[in-house]
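Here's the structure, in structure tokens; my notes come after.
Bear in mind that the values in this text are calculations on the coordinates, not laboratory data. Source: prediction; values computed, not measured. Glycine gets a Cβ as well: all are built from the backbone with ideal geometry, and neighbour counts include every protein chain shown.
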Amino acid sequence: MEDVTKLTMDKLVALCKNRGIIFQGSEIYGGMGNTWDYGPVGVEIKNNIKKTWWKRFVQESDNSFGVDAAILMNPRVWDASGHTTSFSDPKMDCRECKTRHRADNLIENYCAHHHIENIIPDKMTNEEMQNFIEKHKIACPVCGKHNFTPIRQFKLMFETRRGVTEDDTDKIYLRPETAQGEFVNFLNVQRSMRAKVPFGIAQIGKAFRNEITPGNFIFRTIEFEQMEHQLFCKECDDDKFYNEYKQKAWDYLVSIGIDADKLRFKDHDKLAHYAKNACDIQFLFPFGFSELNGIHNRTNYDLSRHQEFSGKNMQYLDPVTNEKYIPYVVEYSIGCDRLMLAVLCNAYREEKLDDGETRIVLALSPVLAPYKACVLPLVKKTHAETAHNLQKELSKYFMCDYDESGSIGKRYRREDEIGTPFAITVDDETLNNGTVTIRDRNTMEQITLKIDQVKDYILDKCKY
Ligand SMILES: [Zn+2]
């Protein structure tokens with residue numbers, strides 16, 4: 001067979017829809033911008049991603065503890081974090097075609113196109129950006145005209161209200177990041193778990209951002225799931241842990257099957273005012289290298305801010321030295337949906353087979369595969385009962401599919417497209433000798449096994 005993979009986002013979106021991986025959100029109503037729903041196959045892959053992440057960063061990590069904090073938090077949290085005042089994008093509307101754009105993106109794209117260096121929109125005021133766009137007559141990327149409204153700050157936090165009155169004091173927010181749930185529980189976790197610095201708090205949870213820019217499928221969505229780990233350490237250890245977590249983040253991605261040659265580190269050009277160090281790991285998506293996860297040295301900024309705004313003492317008392325200090329934080333943050341996209345892009349293959357046919361394969365790491373195996377009766381009439389019983393038994397241990405419709409070749413193709421690593425065929429040999437054949441998704445080679453060896457064989461191949 002020959003690898004003839006030509007991945008485009010359109011092909012991936014189509015495969016995801018046809019094979020129950022990801023659907024457009026609210027599709028029967030025409031969808032809703034930048035929202036997507038995980039289907040029966042996709043939710044399994046996503047859950048497997050979350051399980052591997054949790055295993056690596058909580059279960060197998062010394063002094064790491066998980067939390068699951070509320071999405072709705074006291075609004076003072078967002079005053080302390082700075083989100084209520086500064087979490088917004090500079091937007092302008094095109095008066096000609098009524099589309100909305102980020103001023104900083106317009107400038108970035110213009111500069112990249114015209115080889116203008118040393119312009120960093122993040123460091124410009126709205127007025128400076130406005131003047132730059134006017135001076136260079138930067139055109140609307142949709143209609144090509146230059147007729148924009150003035151820049152307005154567009155808030156990225158979703159607001160909602162609790163209670164029944166339309167009083168401003170009732171305003172609360174859907175959290176724009178999960179990190180604050182870890183910071184506000186620093187004392188609770190430290191005391192209840194008798195944790196000693198350095199220790200970590202991890203969380204997987206939904207976050208919400210009112211993004212209006214096009215999302216590239218599930219790369220950027222208004223509702224997304226974050227996987228975050230905050231490592232609380234002594235100030236003098238911050239560089240050590242920053243470098244350790246850079247490596248740990250990289251190793252994790254490789255451990256779930258991402259090709260290392262599609263990954264690269266990228267230091268941040270501009271640091272947040274409180275950050276000492278920050279970098280991303282980028283993945284080579286079909287639309288180019290883009291951020292997959294971030295590692296940040298946030299210093300003691302977050303806990304200091306919460307001490308200031310809550311009035312609670314956030315200091316840690318070192319039981320050995322009796323030193324009191326507010327710990328530094330090394331943050332590792334990765335978007336689960338974005339990682340899902342990287343996993344799908346990384347696994348997608350088109351192969352030209354020796355018989356001239358082309359097959360699509362999702363060559364997922366077995367640990368991420370939605371179904372670890374499928375059971376296929378060769379002939380429905382004679383083999384279905386035995387096959388069904390086998391599938392029932394295997395389902396006690398892992399997700400196991402069953403398919404009796406269509407030719408065996410068609411059934412293999414369907415399973416290839418959702419990444420099922422092993423196809424178990426029940427035939428006359430099974431009835432006569434108690435053996436089944438197991439086909440490997442990647443090599444398409446088959447082996448014969450006793451039926452009672454199948455479970456352990458597959459569990460061993462899928463362990464993480
Ligand atoms: Zn326009």
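Annotations
- Among 344-357, 364-377, sorting by the average number of other beta carbon atoms lying within 10 angstrom of each residue, highest first, gives 364-377, 344-357.
- Our note on the geometry: Cα centres of segment 91-165 and segment 171-190, 31 Å apart.
- Here the simple spin-label model places points 7 Å from the Cα toward Cβ, and for ILE120 and GLU308 these points are separated by 2.2 nm.
- Ranked list, fewest to most other Cβ atoms within 10 Å of each Cβ, for LYS46, LYS380: LYS380, LYS46
- The phi-based Karplus calculation (6.51 cos²θ - 1.76 cosθ + 1.60; θ = phi - 60°) puts the 3J(HN,Hα) values of segment 143-152 at 10, x, 8, 10, 7, 9, 6, x, 5, 10 Hz, whole numbers, x for Gly and Pro.
- Of the peptides 136-148, 23-35, the ranking by mean beta-carbon count within 10 Å, highest at the top, reads 136-148, 23-35.
- HIS146 long-range amide H proximity, modeled H, under 5 Å: CYS140
- Amide proton proximity set for ASN293, modelled H, under 5 Å, gap of 5+: ILE281
- Packing here is the average count of other Cβ atoms within 10 Å per residue, and on that basis the peptides 122-135, 177-190, highest first, run 177-190, 122-135.
- For the chain, the longest principal axis of the Cα atoms and the long axis of helix 126-135 meet at an angle of about 80 degrees.
- Estimated at 0.36 nm per residue, the fully extended path between GLU27 and PHE398 surpasses their Cα-Cα distance by 130.5 nm.
- Computed E for MET9/VAL379 - FRET, C-beta separation, R0 45 angstrom, nearest 0.05: 0.65
- Cα gyration tensor category, rounded, prolate or oblate, for segment 371-461 with a/c compared to 1.5: rounded
- Across the alpha-carbon atoms of the chain, the computed radius of gyration and Dmax are 25.8, 83 angstrom.
- Summed side-chain charge close to ASP318 - residues other than ASP318 whose Cβ falls under 11 Å, Lys, Arg +1, Asp, Glu -1: +2
- Which of MET399, MET444, ILE424, positive extreme of dipole for segment 371-461 (C-beta unit charges): MET399
- The rule of thumb for compact globular proteins, 2.2 N^0.38 Å, goes into the C-alpha radius of gyration of segment 66-115 1.80 times.
- Neighbourhood net charge (14 Å Cβ-Cβ; Lys/Arg +1, Asp/Glu -1) for THR382: -3
- From helices alone, the chain scores -9500 deg cm²/dmol at 222 nm; the rule is -39500 (n - 2.57) for each run of n ≥ 4 DSSP H residues, then divide by the residue total.
- Estimated distance in nm for a label pair at ASN63 and ASN147, the labels positioned 7 Å out from Cα along Cα-to-Cβ: 6.3
- Taking amide H atoms as placed 1.01 Å from N in the peptide plane, the amide H of ILE172 lies under 5 Å from those of THR160, ARG161, ARG162, each 5 or more residues away in sequence or on another chain.
- For the pair segment 1-59 and segment 337-354, the centres of their Cα atoms are 11 angstrom apart.
- Taking the empirical scaling 2.2 N^0.38 Å for compact globular proteins as reference, segment 88-155 has a Cα radius of gyration ratio of 1.01.
- Number of Lys-Lys pairs in segment 88-155 with C-alpha atoms under 23 Å apart and a separation of 8 or more places or on different chains: 14.
- Charge context of ASN277, other residues only, Cβ under 9 angstrom, K/R +1, D/E -1: -2
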